[in-house]
């Protein structure tokens, strides 16, 4: 699986922790879309880079981070085909995959420490979509909203 990861300046330290977790998975290739230093950047630009990699089929999933996770998740969900889930706990991360087939995990660098974030990432990566009819139906309805 290929994952594209990105953050703004408010989550650079958290991104380094997440990259360490991703290195534990030998079957995952990682592309880092930035940012790479503490200079201020606009989170919509990072969201666009990562989400277009998924939309264009160059990555299967993405992980995004900004200070709170709120702004970058809102930006990510503007990209057609993206189901970005802002998660601050393991249960939400698991459910975002199992029930909503989230293709982007979002976290806040000023909200989560490296320990909780690592557990969230592992739960999100290790959980498969349940493929149940009610979940498929709801996802289809959710994605149809992009066309209205």
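The values are calculated or read from the model by the stated rules, or taken from the named source; none is laboratory data. Keep in mind it's a predicted model, so treat the numbers as computed, not measured. Methodologically, a virtual Cβ is constructed for each residue, glycine included, from the backbone with ideal geometry; neighbour enumeration extends over all protein chains shown.
Screening the stretch 74-148 for helices (runs of 4 or more DSSP H) wholly inside it with 3 or more residues that are farther than 19 Å from residue 61 by Cβ and more than 11 Å from the chain's Cα centre (by Cα) returns the ranges 114-126, 133-144. Count of the stretch 21-68 residues, restricted to those that are in a helix (DSSP H, G or I) and loosely packed, with under 12 Cβ neighbours inside 10 Å, is 0. The C-beta contact set for the stretch 15-31 (first residue in contact (Cβ under 8 Å) with a residue 24 or more places away in the chain and on the phi < 0 side of the Ramachandran plot, second residue assigned to a loop (DSSP other than H, G, I, E, B) and buried (at least 16 other Cβ atoms within 10 Å of the Cβ), distance under 7 angstrom, 6+ apart or interchain) comprises 31/59. Can you tell me which residue among 104, 90, 79 is out of contact with any strand residue (DSSP E or B) (no Cβ under 8 Å at 6 or more places or on another chain), crowded, with 17+ Cβ neighbours inside 10 Å and at pLDDT 95 or above? Being out of contact with any strand residue (DSSP E or B) (no Cβ under 8 Å at 6 or more places or on another chain), crowded, with 17+ Cβ neighbours inside 10 Å and at pLDDT 95 or above holds for just one of 104, 90, 79, which is 79.
Residue-wise test of (1) buried (at least 17 other Cβ atoms within 10 Å of the Cβ); (2) under 23 Å from residue 46 (Cβ atoms).
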residue: 85; (1), (2): yes, yes
residue: 108; (1), (2): yes, yes
residue: 117; (1), (2): yes, yes
residue: 130; (1), (2): no, no
residue: 138; (1), (2): no, no
residue: 146; (1), (2): no, yes
